[in-house]
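Just so you know, all these numbers are worked out from the coordinates, no wet-lab data involved. Model, not experiment: these values are computed from the prediction. Positions of Cβ are generated from backbone atoms using ideal geometry, with glycine treated the same way; all protein chains shown enter the neighbour counts.
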Amino acid sequence: MIDLLLGLQWGDEGKGKIVDVLTNKYDIIARFQGGPNAGHTLEFEGNKHVLHTIPSGIFHDAAINLVGNGVVIDPVIFKKELEKLEPYNLDLRNKLLISRKAHLILPTHRLLDQASEAAKGSAKIGSTLKGIGPTYMDKTGRNGIRIGDIEAPDWKEKYRSLTDKHLQMIENYRVEVQFDLKTLENEFFEAIETLKQLQFIDSEHYLEKQQRQSKKILAEGAQGSLLDIDFGTYPFVTSSNTTAAGACTGLGIAPNRIKNVIGIFKAYTTRVGSGPFPTELFDQDGETLGRVGNEFGATTGRPRRCGWLDLVALKYAITVNGVTELNMMKADVLSGFKTIKVCTHYKYKGELIDHLPFDVDEKYVEPVYEELKGWNADLTGMRDVNELPTELHDYVTYLEKALEVPITIVSVGPDRTQTLFRNS
Ligand code: GDP
Ligand code: IMO
Ligand code: MG
């Protein structure tokens, strides 16, 4: 049995927290796409931990964590992640598996990302500059280097020829990118040796075998549905399929094996990086959401743009993913607002619509809001849904009705324990 967990907005919905909370129900947690552009924050027992490539079930002894073939791995960042896990004494050799088909991010992929963004000027994507785009380009361009390749003795020749090509490409961008390749390469090859201490596996076969043994698998998504390469706000997206179908290609699992699709959303909306964001706020309310929600990117530290919940975009994400249950995060951040706005429609080129159009540009799209009553209570100490204020209860039931999907978790703080279960 395979369940899927993914973000329904522009990322940072709180996926890491919920995967960590749900891991005790699963045998295997498997990341299916993205790379160290992700930052998944977990808080428990006074620890705060940010994971980038390693799946968010890693702190549970009983679970196996798999980095799937759809993921792109930067050995340098991966090594740092492993070092940060050292104090926890986890049995990583047996608990953390890597697909041989996952692609490697080379130092020059990061430099290419930088050059590409610099060349775009004000039209830049706002990339995390982790080399994600260039690595997926080499994957689809059939030039990439995979984890399985580094087990072969001649892989450094492949590395050299790809790197030489990248250096040429960087020059062609005609922008200034400063780097010291020797230092970058030393760091890279050292990290490769660390990586080799883990188990590389043919993960599609492994997952098939585990399913035959009735093991429970949770596929963990990164980024959010609106950053999907096909269905997101293109070109201001990431370079992988962040939506449900990405789990099939990113792990080698068949669509008919997927049971529940858990969609994670914030009680409001955030976005980090460039691109359209119809409900973005530039006023005091936006400032309050950012401050109370501590909205700074977990990977880059950049402030996240904040706005009200956008039901038009959320419905779109629910449909594309086939979401069967919703988890609403950061309800505590909305405490103290007299009224809470929810975008139900867009005014698009003069017409009232309730679907996400081809062009979400603010030139064409104006959000239309409904106002709901706010509440003024500290939710962070609450441990049962029945304690929640009536107005929040009304907010949740309003959303369930509008979205036609049950909300099974309301999150009231970053810690594991600040997770309230409904209807279960
Ligand atoms: P992810 O990328 O989807 O895993 O999310 P991030 O970790 O990038 O961002 C979510 C942020 O919100 C993190 O700092 C979490 O610790 C925090 N967080 C998660 N759930 C809640 C919640 O219910 N309330 C509050 N206040 N913070 C939360
Ligand atoms: P998690 O998994 C939020 C955004 C970047 C940029 C765009 C492209 O923590 O939710 P990229 O580096 O992929 O080329 O950047 O996507 N982005 C994210 N925003 N959360 C993420 O991951 C993101 N990963 C990428 O800010 O706008
Ligand atoms: Mg994040």
Q. Could you give P(r) for region 153-206, binned at 10 Å from zero, as whole percent values over all Cα-Cα pairs?
A. 17, 38, 29, 13, 2
Q: Kindly express, to the nearest 10 degrees and within the range 0 to 90, the angle between helix 181-195's C-alpha long axis and the longest C-alpha principal axis of the chain.
A: 80
**Q.** Peptides 85-97, 5-17, 409-421 ordered by average Cβ neighbours within 10 Å, highest first
**A.** 5-17, 409-421, 85-97
**Q.** Angle in degrees between helix 311-321 and the longest Cα principal axis of the chain, rounded to the nearest 10
**A.** 50
Q: Starting from the alpha-carbon convex hull of region 219-344, give the projected area averaged over all orientations, in nm².
A: 8.1
Q. With axes computed from alpha carbons, what is the tilt in degrees of helix 107-120 against the longest principal axis of the chain, rounded to the nearest 10 within 0 to 90?
A. 50
Q) Where the convex hull is taken over the Cα atoms of region 33-82, what is its projected area averaged over directions, in nm²? A) 3.6
Q | Modelled FRET efficiency - R0 51 Å, Gln284 with Arg142, Cβ distances, 0.05 increments | A | 0.50
**Q.** Estimated inter-spin distance, Tyr234 and Thr319, nm [label 7 Å along Cα→Cβ]
**A.** 1.7
(Q) Which of Ile318, Ile125 has the fewest other C-beta atoms within 10 Å, and how do the rest follow up to the most? (A) Ile125, Ile318
Q: Note down the nm distance, to one decimal, between modelled labels 7 Å out along Cα→Cβ at Val175 and at Asp91.
A: 4.7
Q) What value, in deg cm²/dmol to 500, does the helix sum -39500 (n - 2.57) over DSSP H runs of n ≥ 4 give at 222 nm once divided by the residues of the chain? A) -9000 deg cm²/dmol
Q | Over 26 Å between alpha carbons, listed pairs Lys25/Lys259; Lys124/Lys196; Lys25/Lys341 | A | Lys124/Lys196; Lys25/Lys341
(Q) How much length would be gained if the chain were fully extended between Arg302 and Glu370, taking 0.36 nm per residue of separation minus their Cα-Cα distance, in nm to one decimal? (A) 21.5 nm
Q | Potential lengthening between Phe358 and Ser161 on full extension [0.36 nm per residue; Cα-Cα distance subtracted] | A | 67.0 nm
Q: Compute the projected area of the convex hull of the Cα atoms of region 62-158, averaged over all viewing directions, and report it in nm² to one decimal place.
A: 7.8
Q | Percent of alpha-carbon pairs separated by more than 26 Å within region 1-140 | A | 25
Q. How much length, in nm to one decimal, is gained on full extension between Met1 and Glu387, taken as 0.36 nm per residue of separation minus their Cα-Cα distance?
A. 135.6 nm
Q.
Cut-off 20 Å, label point 7 angstrom out along Cα-to-Cβ of Glu190: give me the residues of region 54-95 whose amide nitrogen falls inside.
A. 74-87
**Q.** Euclidean distance between Cα centres, region 253-298 to region 52-125, Å
**A.** 22
Q) For Tyr268, Tyr234, Tyr316, what's the fewest-to-most ordering of other Cβ within 10 Å of each Cβ? A) Tyr234, Tyr316, Tyr268
**Q.** Of every Cα-Cα pair in the chain, the percent that sits beyond 41 Å
**A.** 14
Q: May I ask for the Kirkwood hydrodynamic radius of region 378-424, worked out over all distinct Cα pairs and given in angstroms to one decimal?
A: 11.1
Q) Put a dot 7 Å past each Cα toward the Cβ at Lys80 and Lys215; how far apart are the dots in nm? A) 3.1
